[in-house]
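In what follows, a single structure is set out as structure tokens and then discussed.
The values are calculated or read from the model by the stated rules, or taken from the named source; none is laboratory data. Here the structure is a predicted model, which is why all the values come from computation and not from measurement. Cβ placement follows ideal geometry from the backbone for every residue including glycine, while neighbour counts extend to all protein chains displayed. Ligands, DNA and RNA are stripped out before the accessible areas are found, and what is left, the full protein with its side chains, is counted by its heavy atoms. Shrake-Rupley method; radii C 1.70, N 1.55, O 1.52, S 1.80 Å.
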Amino acid sequence: MRFHSAARKAGLVAAIAALSLSAGCAKKDEGQVQANGVKLVQAGKLTVCTHLPYPPFQSKDASGKVVGFDVDLMDLVAKDLGVEQTIVDTPFEGIKSGQDLNTGKCDAAAAGMTITGERQKVMNFSDPYFDATQAMLVKTGKPYKSLDDLKGKKLGVQAATTGRDYARKFEKEKGLQLVEFEDLAALQQAVSNGQVEAAINDLPVWTEYLKENPGGFAVAAEFDTGEQYGFSVKKDTNPELLKKINEALTKAKQDGTYDTIYEKWIGKRPSA
């Protein structure tokens, strides 16, 4: 009886050890989960990094759910993969530098992000999905119509954005006093309370702000910078996911889904 009991215990210990080893291996392999041939950092989920708020591309609704143009488009990718999209709110600096993708914080970034040469060095971008331009917001009644009118005045910009980079090009030439803010909400507040005389950001962002605050603000100037937004993935490591994103965008533009999403969040799509 003692022999059988000991053997049984030994078998139990071996089984537990094997189970632990198996669990350990599964944990170790996390980040190499496959969904239709695409590597994901978390099983059953397409993890997407963004920086909130940035309406109409991504922001929280009254219930706290993250919604927007980018969110709806990435939902199409998640659906094709047979998984659900989960969104991680993180500072934009970590997104545009590629750090969040490199450290496995997310599979992709969708943050109303302009494709630039510098950013392409540290991440791979999808096909462009939105044509953007910069614009200047002022409070209603302010006399400013161009950057020339802001000589010696404070102009607000958002950190790490192409709007900031555009303003910097003219900072000395036009005598601008640039004031940098960490996020869009702080920039909007600065215009509202008079901390700055005007602010530069993407036109669709200001258009959305005007809808939410009718009569209080105006777009005083637009700057056609030829910018285009793209979704991004970790540099040279996940071509399968990049391919899926591009396929989803192409399909959506062909079957009318893109136009429906565009009209929902942006307005009527301009003619090509």
Beta bridge orientation in the chain: antiparallel %, DSSP, nearest 5:
65
About the Cα centre of the range 133-226, what is the dipole size in debye to 20, counting +1 per Lys and Arg Cβ and -1 per Asp and Glu Cβ, all else neutral?
360
Per residue, what volume in Å³ does the Cα convex hull of the range 133-226 take up?
82
Quick one: accessible surface of Phe57, probe radius 1.4 Å, all protein chains present, in square angstrom to the nearest 10.
0
Lys, Arg +1 and Asp, Glu -1 on Cβ, resulting dipole of the chain about Cα centre, debye, nearest 20
940
Can you tell me which aspartates and glutamates have their Cα less than 13 Å from the Cα of Lys151? Leave out same-chain residues fewer than eight positions away.
Glu171, Glu173, Glu197
How large, in percent, is the carbon and sulfur part of the accessible surface of the chain at a probe radius of 1.4 Å?
51
Computed lengthening from Lys145 to Glu212, 0.36 nm per intervening residue step minus Cα-Cα distance
21.9 nm
Whole-Hz couplings from phi, Karplus 6.51/-1.76/1.60, listed for the range 34-45; x for Gly and Pro
9, 9, 6, x, 10, 6, 10, 6, 9, 4, x, 9
Restricting to DSSP H runs of at least four residues, report the calculated mean residue ellipticity at 222 nm for the chain, -39500 (n - 2.57) per run over all residues, nearest 500 deg cm²/dmol.
-11500 deg cm²/dmol
Taking the dipole about the Cα centre of the chain, with the C-beta of Lys and Arg at +1 and of Asp and Glu at -1, give me whichever of Val33, Ala248, Ser97 is farthest to the positive side.
Val33
With every protein chain in place, what's the accessible area of Glu222 (1.4 Å probe, Å², nearest 10)?
120
Taking 0.36 nm per residue of separation and subtracting the Cα-Cα distance, what length does fully extending Ser63 through Asp75 add?
2.5 nm
So how do Glu84, Glu208 rank on accessible area, 1.4 Å probe, biggest first, that is with the largest at the start?
Glu84, Glu208
In the full protein assembly as shown, how much of Lys211 is accessible to a 1.4 Å probe, in Å² to the nearest 10?
120
Three principal axis extents, largest first, for the C-alpha atoms of the chain, in Å?
97, 40, 38
Percent of Cα-Cα pairs more than 15 Å apart in the range 205-262, please.
69
May I ask you to list the aspartates and glutamates whose Cα is less than 19 Å away from that of Lys253, ignoring any residue fewer than eight positions away on the same chain?
Asp70, Asp72, Asp75, Asp80, Asp127, Asp131, Glu263
Averaged per residue, the 1.4 Å probe accessible area of the range 178-269, protein heavy atoms only, in Å², is roughly 49
Could you rank Trp265, Trp206 by how accessible they are, 1.4 Å probe, largest area first?
Trp265, Trp206
So for the chain, averaging the separation of alpha carbon pairs under 8 Å that are six or more residues apart and normalising by length, what relative contact order in percent results?
23
Taking the chain as a Gaussian network, Cα atoms linked when under 10 Å apart, which of Ala110, Ala78, Ala186 shows the biggest mean-square fluctuation?
Ala186
